[in-house]
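Take a look at the structure set out below.
The values are calculated or read from the model by the stated rules, or taken from the named source; none is laboratory data. Remember, it's a predicted structure, so these values are computed and weren't measured experimentally. Here the Cβ positions follow ideal geometry from the backbone for every residue, glycine too, while neighbour counts run over all protein chains shown.
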Amino acid sequence: MDYIRNKRIRLDKSRFKDRRATYHDPCNYGRQARRRFGHGFFEEPRWILSQCMDHWRDLYPNRMNQICCGGGGGALSTGYNEQRIFYARRKFDQIRACGADMLVVPCHSCHGQLNAVKGEYGMADLEVKYLWELVADCLVVE
Amino acid sequence: MAERISKENDGIQTGPGVAVTALNPGRCRSWPFFQDFCITCGICASACPVSGVEGFDPRMLVRMISLGMEEDAVSASWPWICTMCGKCAALCPMDIDIPGLVRRVRSLRERDAVPGILHKGLAAALETGNNLRLPKEDYVFILEDVAEEIAEEPGFEGFTVPIDKKGARILTTIHNKLVNTHTEDLKHWWKIFHAAGEDWTVPSENWEGTNWGYFTGDDDAMKTLTGRIAAHMEALQVHTLLWPE
């Protein structure tokens, strides 16, 4: 945020102007951070996303009511894979209802889970992107 | 272990049929999660995305701890198919910290019985500084190789990766998958640093950014791994940490 606000980096908002992007709140950055530390990081990533593109659409529900991707708490590494895939069914209903073709996330676990199971829900073409990857893709370099 | 008066259901080693005399309410009263305040309303079970999977029911888990059925909870798969997403706790009218309770139950598993690779990865990180047991020279080779690829892109000429740079402004850690199967994903932050003219560095040892003690309920391991990152910051005199994991 500091880089963008202080103009240390410049971003090209036209790069993804034809894409339908949305944003997923990781549990540990949002709901759990609010519980443990008194502040959920809900607005900061949305602000960054808005610096990368003029139009994107939020999932519903979101923020404190966001639906977990199913990959948190070490679930990618417990071996309970069938359970983990089933877990994501509500997540993909939500993404489908939003109509997105790009899902931006700032969490390694969410990214891994969403990419790993999107094919199971007929959404193999959904592009799952790290928030910092989106920023890097939009960089204007001289 | 509670005496059973009927068969267990849905794969969990407990069920509706536990003799009242075998219960031990108060046994876990020192646990700081407010589990004894449960009014059994079931909002947690309605909110939970894995309710019903392997018979899981967060309300039942809270009641089991409240009634002292610790062994049954610890041996169940439930605490491990829960992702500790916290939706249950966010909606609980009694503000019971269900994810905290789940993590405590996880911590009571024998370490060799922790499912999957979670404890193995953590043990590797404690022994070698990373979950993969990746030797330092291989790690440095991968970082420098990726840096050379970036330097070939227009606008990033001359890009190098500053390893163990004393006095840098930012220290960042590395997620093990980025020096394993996803090396392309190392590039995003590095490109942002380059474009911003940032003075940054990465450690050559103990670089692991994940901390699987969080998942396995191992507070001592968490402290050790976090302490290593703090030690890097002191040794390199870096005041800002970027810890994307």
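Screening B:Lys165 against (1) under 15 Å from the mean Cα position of the chain (by Cα); (2) more than 8 Å from chain A (Cβ to nearest Cβ); (3) in contact (Cβ under 8 Å) with a residue 40 or more places away in the chain leaves a single unmet condition, (1).
From the list A:Gly74, A:Gly38, A:Gly79, A:Gly70, the one residue that fits, being in contact with a Gly (Cβ under 6 Å, 6 or more places away or on another chain) and modelled with pLDDT of 95 or more, is A:Gly79. In the stretch B:208-224, the residues that are closer than 16 Å to B:Trp243 by Cα and crowded, with 21+ Cβ neighbours inside 10 Å form no Cβ pair under 8 Å with any partner that is modelled with pLDDT of 95 or more and among the aromatic types (Phe, Trp, Tyr), whether six or more places apart or across chains.
One residue stands out in the stretch A:60-90 among those that are of a type in the set (Val, Ile, Thr) and either within 15 Å of the chain's Cα centre (by Cα) or within 8 Å of chain B (Cβ to nearest Cβ) (or both): the one that is surrounded by the most Cβ atoms within 10 Å (Cβ to Cβ), namely A:Ile67. The set of residues from the stretch A:91-135 being surrounded by 20 or more Cβ atoms within 10 Å (Cβ to Cβ) and either in contact with an Asp or Glu (Cβ under 6 Å, 6 or more places away or on another chain) or without any contact (Cβ under 8 Å) to a residue 24 or more places away in the chain (or both) comprises A:His108, A:His111, A:Glu133. Just name the residue that is farthest from B:Gly116 (Cα to Cα) out of those in the stretch A:91-121 that are within 14 Å of another protein chain (Cβ to nearest Cβ) and charged (D, E, K, R). By that ranking, first place goes to A:Asp93.
Does the stretch B:125-133 contain at least one residue that is within 30 Å of B:Asp57 (Cβ to Cβ) and either outside the structural domain of B:Asp36 (by TED's automatic domain parsing) or surrounded by 21 or more Cβ atoms within 10 Å (Cβ to Cβ) (or both)? Within the stretch B:125-133 (the criterion being within 30 Å of B:Asp57 (Cβ to Cβ) and either outside the structural domain of B:Asp36 (by TED's automatic domain parsing) or surrounded by 21 or more Cβ atoms within 10 Å (Cβ to Cβ) (or both)), the answer is no, since none of the residues qualifies.
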